[in-house]
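The values are calculated or read from the model by the stated rules, or taken from the named source; none is laboratory data. Everything quoted here is computed from the prediction, not taken from an experiment. Here the Cβ is made from the backbone with ideal geometry for all residues, glycine too, and neighbour counts use every protein chain on show.
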Amino acid sequence: MTARIAPVPTPSTGNVLPLLNEIGHALDRLLDSGTPTVIDLNRLPMAPQDSAALDAALGTGEVSAVITAQGRSEVRETGFPGVWRVTHFSEEGQPVARFVEVTALPDILAADPGDMAAGRARLARHLDLLRRTEASR
């Protein structure tokens, strides 16, 4: 994987480098014990310049997804596998929650077991309909 990663510009609060260090420790925990970490960026004192500096430092990976269940959310892999940016938006399109998740796959991307069961039942009905249609030809 070739990630696009930029140098860290001078941040205004000085929180970007400690945050990157925390992300590194979280990656260590994930690799050593499988323990994921979620960092709530809204709970940290970050100026807009810090957010831009963090984005530049983390870079862009190969995977991104948009989820539209219960509002819009974006999931983006960073330039470091296992480190993800997850942003949830209001109905007006404004970011309301921002996270860095250090995990193999963010939970928001995993299918809900109840949804999978309902999907399996719909597929069974669909297959039954297709079989009956095919048999009547």
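Tabulated results
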item: Lone unmet requirement of (1) farther than 24 Å from Thr13 by Cα; (2) surrounded by 12 or more Cβ atoms within 10 Å (Cβ to Cβ); (3) assigned by TED's automatic domain parsing to the domain that holds Thr35 for Ser90; result: (2)
item: Residue count for the stretch 55-92, restricted to those that are at pLDDT below 95, aliphatic (A, V, I, L, M) and part of a helix (DSSP H, G or I); result: 2
item: Residues of the stretch 93-103 satisfying the condition of being surrounded by 11 or more Cβ atoms within 10 Å (Cβ to Cβ) and assigned to a loop (DSSP other than H, G, I, E, B); result: Thr103
item: Cβ pairs under 7 Å, 6+ apart, first in the stretch 94-115 and within 18 Å of Asp40 (Cβ to Cβ) and assigned by TED's automatic domain parsing to the domain that holds Asn42, second of a type in the set (Lys, Arg) and surrounded by 14 or more Cβ atoms within 10 Å (Cβ to Cβ); result: Val100/Arg85
item: Filtered residue count, the stretch 106-120, keeping only those that are surrounded by 14 or more Cβ atoms within 10 Å (Cβ to Cβ) and not in a helix (DSSP H, G or I); result: 1
item: Asp40 over 17 Å from the mean Cα position of the chain (by Cα) and modelled with pLDDT of 95 or more; result: no
item: Some residue of the stretch 121-131 being within 27 Å of Thr35 (Cα to Cα), outside any loop (DSSP other than H, G, I, E, B) and modelled with pLDDT of 95 or more; result: no
item: Tabulated pairs, the stretch 30-47, first under 10 Å from Val100 (Cα atoms), second among the acidic types (Asp, Glu) and outside any helix (DSSP H, G or I), C-beta under 8 angstrom, 6+ apart or interchain; result: Thr37/Glu101; Val38/Glu101; Ile39/Glu101
item: Qualifying residue in the stretch 13-22 (condition: in the same structural domain as Trp84 (by TED's automatic domain parsing) and in contact with a strand residue (DSSP E or B) (Cβ under 9 Å, 6 or more places away or on another chain)); result: yes
item: Cβ pairs under 6 Å, 6+ apart, first in the stretch 57-73 and at positive phi, second among the basic types (Lys, Arg); result: Gly59/Arg4
item: Test: residue in the stretch 11-23 that is farther than 18 Å from Val86 by Cα, modelled with pLDDT of 95 or more and not β-branched (Val, Ile, Thr); result: yes
item: Looking only at the stretch 54-98, and only at residues there that are in contact with a Leu (Cβ under 9 Å, 6 or more places away or on another chain) and of a type in the set (Gly, Ala, Ser), the one that is farthest from Leu109 (Cα to Cα); result: Ala57
